[in-house]
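So the structure is just underneath, and the comments pick up after that.
The values are calculated or read from the model by the stated rules, or taken from the named source; none is laboratory data. Model, not experiment: these values are computed from the prediction. Here the Cβ positions follow ideal geometry from the backbone for every residue, glycine too, while neighbour counts run over all protein chains shown. Only protein heavy atoms, including side chains, enter the accessible area calculation; ligands, DNA and RNA are left aside. Shrake-Rupley method; radii C 1.70, N 1.55, O 1.52, S 1.80 Å.
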Amino acid sequence: MSFVSPLFLWYFMPAVLLAVLVFPRGWRNGIVAVGSLIFYATGAGPFLLLLLACMLVNFFAGRSLEPNEWDTRHAFRRKLLIAVITFDVAVLVIWKYAGFATQQIAAFAQLFGGNFPVANLVIPIGISFYTFHHISYVVDIYRGERRALRDIVSFAAYIAMFPQLVAGPIVRYREIADQLPQQRSHRLDDIAAGFPRFALGLCKKTIIADSLSPMVEACFATPPSQMTFATAWLGAAGYTLQLFFDFSGYSDMAIGLGRMLGFRLPENFARPYSAVTITEFWRRWHMSLSRWFRDYVYIPLGGNRHGAAKTYRNLCIVFVLTGFWHGAQWTFLVWGMYHGALLIIERAFGYDTTPASAAARIGRRALTLVLVVIGWVFFKSVDLAHALGMLGHMLLPDFTGLGDVVEATVTNQRVVILLAAMVIVFLPSHPVTGPLLESSRSRPANALRIGVMTVGLVYAAILVATGTFSPFLYYQF
């Protein structure tokens, strides 16, 4: 079930919100848990059993991972933590990466005339996200940062919470533990604050991202032999905008839904294309993923505490994992290594800080955006050969224009939306639209809120009703 489907918008979401509003406050977590499992079952089917099995393992392990006053069971807790994390990672690796691994082994075996069976497993929806939530839960308890939940209903509400279950934000346990037992006293206020944020995300997704999708797909579907300079740059720039408005739109919808249910979910985007360094870009793009890798991988590896060489090693490990977390393809690995290399170069030459002069900031912002666009070509392409071919055409100007297939998708409406999206991207880095819309009572915020809730929401609803929406891009991860 997608956030932009009529089933969700017209029936599921109103039913859950009505139940949370009407029934006693103490029922909230139960309503969220049951509704979330129903939500997941409609899209994942029998994979609901896998989610439930993982939840049971982590829930019962969490109660044994808490340190006591003198921490007399430290060795046992450490072994248990390693066992649970191994279980969680094994589930993710088997279901998400077994097919890719066996394909590589089979290809290698063919070089020597051998045969190797290829595993063709369907990837359970949202497995990357709920695996990270489980790991966050057990690690935060092991560290003594939060107590383990004794109520399995509250645990299910955290892990399976439908706003963030399928595509984030990745909510670390420490960020939400104190909200789970909360007895809500301002339910109508929460709905009033969260709905405009949800509506903003719906507008981003349906009006901008989905409108650009046919044009982007046509560009990336063009074979390298028929690719032109204009097609390559139109596809790369279009995908840069589509991905941002699609994923940040989903995050706005998730944060808005969470707020309507009484939860404050972490921000996931802060105008990332306004960054003046790649380091700053990763502080603004998919921030919940960056924070997760920082807290549970980078810092435990030593972070930047043991000299430059080990810092660069840790960055390499983090971004190799970041690339493969997105999918079992060489293109994702190259994309992750590309960003890791850029971060290392910035650190090594002192380019990871914001320049003092305005002219330098403008130049660095333009350079950072170009580097990010180049990286998205790897992220989007079906294989490395296609990505390299497209990048080759981006670096070699020609005057052949767009191909007929691509040109047919460049309608007047899409050109207007493309230009409007570019204008939004090139606005100053502050304020960030989502938090402004949700909490600010300033005149610009009120004007934006009125525009989103009237013109934007009506147009988005018409697009949804006519079936012109598409799945969120991050559903595949």
Let me spell it out: the conditions are (1) outside the structural domain of W376 (by the TED database); (2) part of a helix (DSSP H, G or I); (3) open to solvent by less than 10 Å² (accessible area, probe 1.4 Å); (4) touching a residue at least 40 places away in the same chain (Cβ under 8 Å), and Y158 meets all of them except one. Which number is the exception?
(4)
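Each row is one residue, and each column tells you yes or no for (1) outside the structural domain of L48 (by the TED database); (2) farther than 29 Å from P124 by Cα; (3) under 23 Å from the mean Cα position of the chain (by Cα); (4) assigned to a helix (DSSP H, G or I).
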| position | (1), (2), (3), (4) |
| --- | --- |
| G62 | no, no, no, yes |
| D71 | no, yes, no, no |
| K79 | no, no, no, yes |
| A83 | no, no, no, yes |
| L92 | no, no, yes, yes |
| G99 | no, no, yes, yes |
Breaking point among (1) at pLDDT below 95; (2) surrounded by 19 or more Cβ atoms within 10 Å (Cβ to Cβ); (3) in the same structural domain as V216 (by the TED database); (4) aliphatic (A, V, I, L, M), for L315
(3)
So, A254, is that one hydrophobic (A, V, I, L, M, F, W, C) and out of contact with any Ser or Thr (no Cβ under 6 Å at 6 or more places or on another chain) or not?
yes
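Quick grid of which residues meet (1) farther than 20 Å from P181 by Cα; (2) touching a Pro at 6+ places or on another chain (Cβ under 9 Å); (3) open to solvent by 20 Å² or more (accessible area, probe 1.4 Å):
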| residue | (1), (2), (3) |
| --- | --- |
| I31 | no, no, yes |
| F59 | no, no, no |
| L80 | yes, no, yes |
| K96 | yes, yes, no |
Just one listed residue, out of V410, V464, is surrounded by 12 or more Cβ atoms within 10 Å (Cβ to Cβ) and closer than 30 Å to W233 by Cβ, and it is V410
Return the pairs, sorted by first residue and then second, in which the second residue is open to solvent by less than 50 Å² (accessible area, probe 1.4 Å), the first residue lies in the range 395-408 and is hydroxyl-bearing (S, T, Y), the beta carbons are less than 7 Å apart, and the residues are 6+ apart or on different chains.
T400/T228
A230 vs (1) free of Cβ contacts under 8 Å to residues at least 24 places away in the same chain; (2) assigned to a helix (DSSP H, G or I); (3) aliphatic (A, V, I, L, M): all pass except (1)
Residue in the range 335-375 that is modelled with the lowest pLDDT, counting only those that are within 17 Å of P272 (Cα to Cα) and exposed (fewer than 14 other Cβ atoms within 10 Å of the Cβ)
T354
